[in-house]
1. Identify, by number, the condition in (1) surrounded by fewer than 24 Cβ atoms within 10 Å (Cβ to Cβ); (2) in contact with a helix residue (DSSP H, G or I) (Cβ under 6 Å, 6 or more places away or on another chain); (3) not in a loop (DSSP other than H, G, I, E, B) that Ala213 doesn't meet.
2. Failed condition for Asn147, given (1) under 21 Å from Glu68 (Cα atoms); (2) polar (S, T, N, Q); (3) part of a loop (DSSP other than H, G, I, E, B), with all others met?
3. Just checking: which of the strands (runs of 3 or more DSSP E) contained wholly in the stretch 291-408 hold 3 or more residues that are among the polar types (S, T, N, Q)?
4. Can you tell me which condition Gly345 does not meet? The list is (1) under 28 Å from Arg186 (Cα atoms); (2) surrounded by fewer than 20 Cβ atoms within 10 Å (Cβ to Cβ), and all the others hold.
5. Please go through the stretch 72-90 and give me each residue that is charged (D, E, K, R) and either at positive phi or touching a strand residue (DSSP E or B) at 6+ places or on another chain (Cβ under 8 Å) (or both), ordered by number.
6. Quick test for you: out of Ser261, Ser294, pick the one residue that is of a type outside the set (Lys, Arg) and at pLDDT 90 or above.
7. Hey, can you tell me all the residues within the stretch 126-154 that are surrounded by 17 or more Cβ atoms within 10 Å (Cβ to Cβ) and of a type in the set (Gly, Ala, Ser)?
8. For the stretch 183-242, what are the residues that are over 16 Å from the mean Cα position of the chain (by Cα) and of a type in the set (Phe, Trp, Tyr)?
Amino acid sequence: MRKLVTPLLAFFIYLNHSIAQEKLSNKEQIPILAWYSIPANETSIARYQEMKDAGITYQLHSYPNINEMQKVLDVAAKLGIKIVVSCPELKTDPEGTARRFMNHPAVAGYHLMDEPAISLFPMLSDWAKKIQSVDKKHFCYINLYPNVVDSVRLGTADYRKYVHDCANDLPVQFLSFDYYPVLKDRLAESWFENLEVVADEAKKANKAFWAFALTTNYDDAKVTPQTLASIRLQVYADLAYGAQGIEYFTYWSATSINAASSEDQRGALISANGKRTVVYDRVKQVSEEIKNLSGVFAGSKMVWVRHTGKGMIPSGTIRLTSLPDAVKVLETNGAPALVSLLEKGENYFLIIVNKDFLNSMNLVFYGDDSVKKILKDGSIVPASIYENSMEIDPGDVAIYMIPKEKGK
């Protein structure tokens, strides 16, 4: 009898625990945008279903004319994918284009320009206002240069001014910038400083920001193809800084997006001949993680970001020297980590990102009984059921939830 009762009892305990398992709310979702997406001649339900299956919810691609744009919107609407409108008529007839598409269920917003110089801001402001005179519901989208660009292209020697002026002088609902930091054996030095500036200026302007993860080859200095670790690192660092949208560059492979460029941009999720690459499944996995963890990141506010590691921390960042009251120990044993505190509702979320995309990190962590651990599927469990010392995979993240009264 004992042999029969014990397994039955264990089963019911397991069943009860499973039913009672606390999970994050998934009402809000972090938008996941695919840049340089499905070409006009590939527009079909099958292609957009394939993109949706990779976890992508927003799409941006420049189309040759307004009728091709219409076809894309009609297909995307059937699958619940949102489209950022981009076609020549948006520039030549902004009001007419907005009027045509403003009530379409697939419209997310309107793409004005990628990487403008600061001298173009007045023109972009006027353009956005023309669109918004017709359609105030959908966003106008402008993507900014990273801080590694020279002053000639920026139009100013002051990168913070460049971001500040966009945040305060242009009628955009959020900021966006691109930076592709993962090199073959290291991270680009100024990436975190770029995140610091954009996050700070967005916060001061009471606006959100979106940020990129490179998902294709870019040039010989970058990881080729992008690994699960390199994609995770970019995504989780962006989210730890408070990003409210993740942008993949690119979805569809191209020998060169710009004919005048020598950049090698093959190796994205879909190859130039229309076949899936190994990156497709890696991005699909990360996108599922973003979806499950949107209860942490969507709508959260960044309180602070700190860095750990031997030697110098990245320029423009602050070293971790103090912890929330509920956390007793947080050690990375000299490994480079990003630690951020996000605020949402009645809780703080402590985000710990392994900044090394080549090596695992040993994290020593324990807190009081109020601290919960957030699992990749969105489950919320007591942190105390895990060992105090654990391995964090390359580029991966550990997330803890702390009640506000214990988060000071």
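The values are calculated or read from the model by the stated rules, or taken from the named source; none is laboratory data. Keep in mind the model is a prediction, meaning the values are calculated, not measured. Every residue, glycine among them, receives a Cβ derived from its backbone with ideal geometry; neighbour counts consider all protein chains shown.
1. Every listed condition holds for Ala213 apart from (1).
2. (1)
3. Fully inside the stretch 291-408 and qualifying: nothing.
4. So the condition that Gly345 fails would be (1).
5. Scanning the stretch 72-90 gives a single hit, Lys82.
6. Being of a type outside the set (Lys, Arg) and at pLDDT 90 or above holds for just one of Ser261, Ser294, which is Ser294.
7. Scanning the stretch 126-154 gives a single hit, Ala128.
8. Tyr218
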